[in-house]
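The values are calculated or read from the model by the stated rules, or taken from the named source; none is laboratory data. Since the model is a prediction, treat every value here as computed from it, not as a measurement. No Cβ is skipped: glycine too gets one built from the backbone with ideal geometry, and neighbour counts run over all protein chains shown. Just so you know, the surface numbers come from the protein's heavy atoms only, side chains and all, with ligands and any DNA or RNA stripped out. Shrake-Rupley method; radii C 1.70, N 1.55, O 1.52, S 1.80 Å.
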Amino acid sequence: MNKLWLKIGVSFFVLFFITIVVVGVFSGELMKSTYMKMKEDQLKDEAQILVHTLNLSNQDLDRREAELEEAVAPLGKEVDARITIIDQTGQVVMDSKENPEKLGNHASRPEFQAILEGKKSVGIATRKSATVGYSMLYVAVPILHDGKVDGAVRISVSLESIEKAVDTLWGNLLLILLPILLIIAAISIIIARRITRPVKEIIEVSNDLASRNYSSRIYGKSSGELQEISVSVNKLAESLEQQMYEIRENSQRLSAIVENLVSGVMLINYDKEIIMTNKAMYQILGEQEITGRTFYEVIKSFSVSQLIEKGFQEKQRAQEEVSIYFPREMILDASVTPILMEDGEVSGVVLLLHDITQIRHLENVRSEFVANVSHELKTPVTAVKGFAETLLDGAMHNEELLRQFLTIIKDESERLNRLILDILALSKIEQKTLPIQIEQVNLDDVIRQSVEMVSEFAATKSIELELPEKHEPPLEIAAERDRIQQILVNLLSNAIQYTQAEGKVRLSLDDAGDYVVLKVSDNGIGIPEKDLERIFERFYRVDKARSRHSGGTGLGLSIVKHLVESMAGEIFVTSKEDQGTTFEIKWPKK
Ligand code: ADP
């Protein structure tokens, strides 16, 4: 009985059943009493007719016994009813079914009593007959003689026949009621189903919504309040779907932001379990399976763990710069922000790790650079100052010394000038303040012009310069002509510089599909392997004394590398001590 339609259906049915039973019993009883009343009236009329047709009021009853017997006896045989004629003393004068002599006095019979005083025109009684032995209906009418009750005509019928008739009536009634009840049962079920169908649909959609199927809707038609509920549920579903969509969108956006942050993000709950991290955090920690574990297991750095604990305990933001050595050496800016609930308790913390190794490295490089620049500047300045002072102290009177010292002062000033120009050039390239003038550059031409610029220097050391074959059609790239020339002059000068007299410097230019490859090789002193990776650093020289002696600033290769990269190229160096060095540049054609 859990089903709503069953409840409604059964209630309907029970209601109809009770109504029909009540109506049935009432109408049955009404029929029975109507039938009895009709029977009584009928018997009364029949008795009256007998009184009149037999002319009973005119003579003394007792003296007509034989005559009455003759007139009534055939009637008694033909009809079901029993006719009894009683005189005023209650003595039976004639009976259609029995011998009057055998019958006792009827004066005490209620139907006779009722009419004896002359007040009632009919006496009616039902009882079990002492004579025939079963229930009978007795109807008696008075026989009036000179206005006085002289006797009575009584007609009685067996109640059995009446009851049979009533039973037949009942039977017929049931025959009609039973199919009606069946029809009512069927109609009840149909009505109950019709009422509960929308309810069922509402329940199904509500369940769908509860299990996060927000696209579920009520499509069935209903009316009245059910229709209102359906519309409300549909509106609710729509609003939920919209809200869920927005939540999903926001969460996707948030995830995308968090996932792509360069800083590592980690959300740790109250149980110290990691519930969310991002890609950057995986990279910093060098681990993949992080979520679901406690932070103690994952974070190997004592300082970071301590910082997290501090966030939990002190309930305020904490920040620290920490160095970690696993999975690689890194300097991290670690910050912990507690997530506070309404009651002020900490529900978790957010850990942010930002890799500042590069920043710190650059800061070091910069301060080293400043120290280097000061040092580099100090050397020529000291020399200039020292020789000038020596001259002033009296050496200037010696013409030979004067000439010699002034030459040194001139050379040192030139070196100072070169140094300052290189520093300025480097700083401009680094700050990207010089816009690149891109044009189609014919590399064969640039190579020839650059070689021309260093040919005099090469000639002083009798160094042979070997040029590549000219390309046909000419090999071109989109770049800035002056920058390429500066690169080539720097590399060629170095090659001549660090190659013994009568050595050889070779230039090659090759087409490698999307790239051009330019090489400057020499068979000079070469670079020791340990220095190879540092030679592009500012002021780095393999042999300081030698480089300085030759007038080098130690900035040449650094400038070259920056220039190459400013035009999307790459530079590599290979070298063997005492055998020679090769610088290789790869440039995209476009
Ligand atoms: P420098 O002004 O001292 O030449 P660079 O930056 O041009 O400075 O070069 C850095 C250092 O690299 C040089 O001091 C030199 O030791 C080494 N070097 C550069 N080019 C060559 C080469 N072709 N052969 C050998 N050593 C070289």
Which numbered condition Glu452 misses (of (1) surrounded by 13 or more Cβ atoms within 10 Å (Cβ to Cβ); (2) without any contact (Cβ under 8 Å) to a residue 12 or more places away in the chain): (1)
Selection from region 90-122 of residues within 17 Å of His145 (Cα to Cα) and exposed (fewer than 12 other Cβ atoms within 10 Å of the Cβ) yields Glu117, Gly118, Lys119
Which condition number in (1) at pLDDT below 90; (2) within 6 Å of the ligand (Cβ to nearest atom) is the one that Ala495 fails? (1)
Farther than 30 Å from Val365 by Cβ and not acidic (Asp, Glu): which single residue out of Leu424, Leu443, Leu434, Leu419 fits that description? Leu443
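Scan Glu241, Glu201 and give me the residue that is farther than 30 Å from Thr19 by Cβ and touching a Gly at 6+ places or on another chain (Cβ under 6 Å). Explain how you work it out, then say what you get.
Details: Glu241 fails: touching a Gly at 6+ places or on another chain (Cβ under 6 Å).
Exactly one residue qualifies, and that residue is Glu201.
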What do you reckon, is Val157 touching a helix residue (DSSP H, G or I) at 6+ places or on another chain (Cβ under 6 Å) and assigned to a strand (DSSP E or B)? no
Selection within region 249-277 - part of a strand (DSSP E or B) and either out of contact with any strand residue (DSSP E or B) (no Cβ under 9 Å at 6 or more places or on another chain) or open to solvent by 60 Å² or more (accessible area, probe 1.4 Å) (or both): Glu273, Ile275, Met276
Would you mention how many residues in region 425-459 are assigned to a helix (DSSP H, G or I), under 16 Å from Val560 (Cβ atoms) and at pLDDT below 90? 6
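Taking region 516-526, which residues are under 13 Å from Lys589 (Cα atoms) and either surrounded by 17 or more Cβ atoms within 10 Å (Cβ to Cβ) or within 12 Å of the ligand (Cβ to nearest atom) (or both)?
Within region 516-526, Val516, Leu518 qualify.
Quick grid of which residues meet (1) of a type in the set (Asp, Glu); (2) outside any helix (DSSP H, G or I); (3) touching a strand residue (DSSP E or B) at 6+ places or on another chain (Cβ under 9 Å):
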residue: Phe12; (1), (2), (3): no, no, no
residue: Phe16; (1), (2), (3): no, no, no
residue: Gly24; (1), (2), (3): no, no, no
residue: Met38; (1), (2), (3): no, no, no
residue: Glu65; (1), (2), (3): yes, no, yes
residue: Glu98; (1), (2), (3): yes, yes, yes
Count of region 331-342 residues which are closer than 12 Å to Lys315 by Cα and open to solvent by 10 Å² or more (accessible area, probe 1.4 Å): 5
Considering only region 380-411, state which residues are under 23 Å from Val489 (Cβ atoms) and either surrounded by 15 or more Cβ atoms within 10 Å (Cβ to Cβ) or in the same structural domain as Arg538 (by TED's automatic domain parsing) (or both). Pro380
Can you list the helices (runs of 4 or more DSSP H) lying wholly within region 527-590 that have 1 or more residues being in contact (Cβ under 8 Å) with a residue 12 or more places away in the chain and more than 9 Å from the ligand (Cβ to nearest atom)? 529-532, 556-566
Could you pull out every one of the strands (runs of 3 or more DSSP E) wholly within region 460-514 that has 3 or more residues that are open to solvent by less than 70 Å² (accessible area, probe 1.4 Å)? 476-479, 504-512
